[in-house]
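Report on the following structure.
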Amino acid sequence: MAEYYATLEISRAASQDEIKKAYRKKALQFHPDKNPGDAAAEKRFKEISEAYEVLSDEKKRQIYDTYGADAVRHGAGGMGGGGGFTSMDEALRTFMGAFGGGGGGGGGESIFDALFGGGGFTGEGIDERTRTRQGASKRVNVTISFEEAARGVDKELAIQNWVACQTCHGKGSASPNGIKKCTRCGGRGQIFEQRGFFSMSSPCPQCRGEGQVITDPCATCHGNGMVKEKQHVKLHIPAGIDNGMRLKVHGKGDAGPGGGPAGDLHVFLTVEPHSLFERHGDDVLLQLPITFTEASLSCKKDVPSLYSHTCRITIPEGTQTGKAFRVKGEGFPNVHGSGRGDLIVEVFVETPTQLSAEQREILEKFAKIESPLNQPKSKTFLDKIKGLFL
C-alpha cells in the first residue's frame, strides 16, 4: 500500500504549507523534462504527484488517514477516486496546479514564470494590469546646520515630479476607444521563449511591457499619461538627526503609470560641521582653552551650549590638559526619543607667548622655587627614565 507521507518525506502531522513545500522540492527533482528518458524518475514523479494530490485535499487526506490509499482510489464514504494516476498528463496537471499554473503547459508559460513572476496575464483585463504599478521613488539631498540638527527644523522642498495628466486623467488617450490591446503580446506585456525546461520572458518591444498601445494620444501628455510639475513638499526634520541619515516621505515621488500610486521621496541629510562643537553619538564635545594660572589656581568658566545659553563649570586647581567635564543634558536629543546626550568640555592649558619683561621675571622666580612634587606627571616620567639606566 502506498504511504503518501513517506513518499513526500514528511510527518503525518505536517501542515499544508509543509506538504506543498515538500512536493515542490521533489517534483522539480524528478520532473520528466529534467530527466528525459528516465523511466524510474517518471514513475517517481507520478508517485509524489499522487501523494500530493491526496494530502493537499483535506477531505481526501482524512479518508486516507482513516482507511488508507485504496479507500481514496476507490471512493470510500461517497468520495470519488482521487489518486492512482494512469497518465503523465494527470501528474503534470497536479504539478502545474501546485506551482500556480493553469494546466499542463498551456499558454507558453513555464513553472518558473509562476514561481518568479514571469507572467500570469491572459490578455484579458488590460486596465487592471496597468493601473496597479507604483511610480518611481526619488532622492533629494538636504543640507542643514549643526544647530538645526540639534533642535529640529521644518523645511519646504521644491521638486519636479511626474504627475497624472489632468486632461486624460492619466490614461494617455484622448478618447476611451484610443486604447487598444497590443497585438504582439496579446495584452500580456511580455513575450516568451521556450528553451527546453526553461521559459524566458522579456518585455514586449511593441508596447514596452504595458500590454496596450495608444492609438489616439492625449494632446497634453502625448500619450504618456503624465506630465512634469513643480511641487512643494513640507518636511519635518526631527531633533537629533545625524549626518548621513535618511528620511522617507511616503507618496511624494513620481505618480504611477495609468493612475497607479506614487512612489516615495527619500531625503538624504548632510549636517554641516560646527566651528566649536563636535558630535560624538548624542554627546557634544567642546574644547576649552584655559590659562596656566587658571589651571593652577582654580576658576569658574562660562561655556556656550547648543541651546542659546551658557553653562558654568568649575575648574579645580591643578587641572591638567585633557581633563573633561560633563554637563548633563546639554547634548543632542536622541532621534529615536530615548533621552539626551551631554556636553563634554575638554580643557587644554595654553602656554603664554610674547611675555612682557615683568611676566618673564615672575616666571623665572617661580622656576627657581618650583618642585617636582608640584608636577606629578613630570615626577612619574623622571622615575621611568631612571629605571631605564639602572
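The values are calculated or read from the model by the stated rules, or taken from the named source; none is laboratory data. Just so it is clear, the structure is predicted and the values come from calculations on it, not from any experiment. Quick reminder, even Gly has a Cβ in these numbers, built from the backbone with ideal geometry, and neighbours come from all protein chains shown.
Contact map, the range 301-322: first residue within 18 Å of ASP283 (Cβ to Cβ) and touching a residue at least 12 places away in the same chain (Cβ under 8 Å), second residue of a type in the set (Gly, Ala, Ser) and surrounded by 17 or more Cβ atoms within 10 Å (Cβ to Cβ), Cβ cut-off under 8 Å, separation 6 or more or different chains; pairs are LEU306/ALA150; LEU306/GLY331; TYR307/ALA150; CYS311/SER305. Taken together, the residues in the range 298-320 that are among the aliphatic types (A, V, I, L, M), modelled with pLDDT under 95 and over 22 Å from ALA150 (Cα atoms) amount to 0. When the test is whether a residue is out of contact with any Cys (no Cβ under 8 Å at 6 or more places or on another chain) and under 30 Å from THR167 (Cβ atoms), HIS222 passes it. The single condition among (1) free of Cβ contacts under 8 Å to residues at least 24 places away in the same chain; (2) assigned by TED's automatic domain parsing to the domain that holds LEU285 that ILE369 does not satisfy is (2).
The set of residues in the range 248-281 that are within 22 Å of PRO238 (Cα to Cα), touching a strand residue (DSSP E or B) at 6+ places or on another chain (Cβ under 7 Å), charged (D, E, K, R) and touching a residue at least 12 places away in the same chain (Cβ under 8 Å) comprises LYS248, LYS252, ASP264, GLU272. Where strands (runs of 3 or more DSSP E) fall entirely within the range 156-240, those with at least 1 residues that are within 30 Å of VAL267 (Cβ to Cβ) and at pLDDT 90 or above are at 226-237. Counting only residues that are assigned to a loop (DSSP other than H, G, I, E, B) and hydrophobic (A, V, I, L, M, F, W, C), which one in the range 241-255 is surrounded by the most Cβ atoms within 10 Å (Cβ to Cβ)? My answer is ALA255. Here the condition is being touching a Lys or Arg at 6+ places or on another chain (Cβ under 8 Å) and more than 28 Å from LYS248 (Cβ to Cβ); of ILE179, ILE159, ILE144, it holds for ILE179 alone. Being over 37 Å from the mean Cα position of the chain (by Cα), charged (D, E, K, R) and in the same structural domain as ALA71 (by TED's automatic domain parsing) is a property that LYS26 lacks.
ILE290 meets all of the listed conditions (1) touching a strand residue (DSSP E or B) at 6+ places or on another chain (Cβ under 6 Å); (2) under 19 Å from ASN334 (Cα atoms); (3) in the same structural domain as GLU317 (by TED's automatic domain parsing) but one, namely (2).
Taking helices (runs of 4 or more DSSP H) as the structural unit, those lying wholly within the range 1-116 and holding at least 1 residues that are surrounded by fewer than 17 Cβ atoms within 10 Å (Cβ to Cβ), at pLDDT 75 or above and small (Gly, Ala, Ser) correspond to 4-8, 39-55.
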